[in-house]
Amino acid sequence: MHRDAQLAQLAIRAATEYDLPMTDSDPKALIFVFDDNEAIRTLVRIHLQQAGYEVRVFEDAVEGGQAMLESPPDLLICDVNMPYMDGLAFLGAMKTDPRVAKVPAIMLTSRTDEETEMAAANAGAARFLTKPLRRDDLLQAVQQVLSRSRIGGVLPGRD
């Protein structure tokens, strides 16, 4: 088993074994998560739901992108390395479509090189998080990005 998958499995067990408190930070925000790794999708979903967010998870950018056009989320958390279309290419394409261009994105990856981080920023990512993912880092990034994206108290993906 890959190291990231092992760490994710441990974190999933820990998150589900302990009754972690819900917070009211942004209880109604809809967050989409794109990651081809099922363990990471599950881990992120659990952490976000426990914090009071509404979450939809997708295995790749093709499936998730279709859902975004139907119902834009308030935030996207997207893996860099995915099949069919990588997260950086998806984010670049997303920023050119007026229906979803204002949806902020957090890029998630196991890469730690500066080049990938710069590519994510150039593609329009609001934040960049590395795996293995820490719950506190994830929730802090989500809260910061959602707070910055609010204009007049309205989330960008909602009318």
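The values are calculated or read from the model by the stated rules, or taken from the named source; none is laboratory data. Since the model is a prediction, treat every value here as computed from it, not as a measurement. Cβ coordinates were reconstructed from backbone atoms using ideal geometry, including for glycine residues, and neighbour counts include every protein chain displayed. We work out accessible area using only protein heavy atoms, side chains counted, and drop any ligands, DNA or RNA first. Shrake-Rupley method; radii C 1.70, N 1.55, O 1.52, S 1.80 Å.
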Averaged over all directions, how much area does the convex hull of the C-alpha atoms of region 40-159 cover when projected, in nm²?
7.0 nm²
Diffing region 95-100: the Karplus 3J(HN,Hα) column from phi (6.51, -1.76, 1.60, θ = phi - 60°), in whole Hz with x for Gly and Pro, holds 5, 9, 9, x, 5, 10
Accessible area expressed per residue, region 48-156, with surrounding protein chains retained (probe 1.4 Å, Å²)
49 Å²
Give, in nm to one decimal, the length gained when the segment between TYR84 and ASP136 is fully stretched (0.36 nm per residue of separation minus the Cα-Cα distance).
15.7 nm
Using every alpha carbon pair in region 29-79, what percent of pairs falls into each 10 Å bin from 0 up to the bin containing the largest distance?
29, 58, 13
Set of region 122-144 residues, backbone N closer than 17 Å to the point 7 Å along the Cα-Cβ line of THR112:
128-135, 137-138
